[in-house]
Amino acid sequence: MSGAWLAFEDEAGVSMTPPQAKTWSQRGRTPVVRVRGRSRRRISIAALTCYKPGRRSRLIYRPRRGDGRRDGRKSFSWRDYPDLLIAAHQQLGGPIVLGWDNLNVHKAAGRREFADARDWLTIYYLPPCAPDLNPVEGIWSLLRRGWLSNVAFSTPEHLVQRIRRGLRHMQYHSDLIDGCLAETGLTINP
């Protein structure tokens, strides 16, 4: 599709337990970050990295909090994706060629009807077991190693605030988004 944005999508889940990262401290004083035990409070995030030759790379994301119930859905369902894709289409102002992994939610029955009804959306699937081809994996790595590491989250709202702060920083620094694409080895030619 000529003049389209090339977009990649992925989801990630983040819990209240922070990822550990190395840090500096005074010699002999090992920093200790105490956190509560296991937590069912989990935030799911769906993100799109969008590329178009001659344009600034974009990051579009949506967090989703679990409903807190033990048997409730914690991740994105197919009903959550149309809103993300329609918002991306409106923000980008052009057609989208979407690269998706082979998650079962991406192959749901409603997905085909949704894509067929929109002439601005073309979907391709990335090869199975090839997360290294998806630039969004680099976004998750930057988020976990930077804004989420070594932080004891006090509330789910605190976690969401840190996630948004990190992703917002990446939105304003398109060189980080470009670096995630370069790490995959993929190139975009006009």
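The values are calculated or read from the model by the stated rules, or taken from the named source; none is laboratory data. Treat the numbers as computed from the prediction; the structure is a model and nothing was measured. Note: ideal-geometry Cβ built from the backbone for every residue, glycine included; neighbour counts use all protein chains shown. To get the accessible areas, we keep the full protein, side chains included, count just its heavy atoms, and leave off ligands, DNA and RNA. Shrake-Rupley method; radii C 1.70, N 1.55, O 1.52, S 1.80 Å.
Using a 1.4 Å probe on the protein heavy atoms only, what accessible surface does Asp119 show? Give it in Å² to the nearest 10.
The accessible area of Asp119 comes to roughly 140 Å².
Using a basic spin-label model with each label point 7 Å from the Cα along Cα→Cβ, how many nm lie between Tyr125 and His173?
The answer from the label model is 3.6 nm.
By its C-alpha gyration tensor, with a ≥ b ≥ c as the square roots of the eigenvalues, how is region 146-190 shaped: rounded for a/c under 1.5, else prolate for a/b larger than b/c, else oblate?
Cα axes put region 146-190 in the prolate bin.
Given 0.36 nm per residue, what is the gain on full extension from Ala182 to Asp132 after removing their alpha carbon distance, in nm?
16.9 nm
Could you work out how much longer the chain between Asn150 and Gln91 gets when fully extended? Use 0.36 nm per residue separation minus the Cα distance between them, nm to one decimal.
Here the segment from Asn150 to Gln91 would lengthen by 17.9 nm.
How many nm separate the modelled label positions at Asn102 and Ala117, each set 7 Å beyond the Cα in the direction of the Cβ?
2.8 nm
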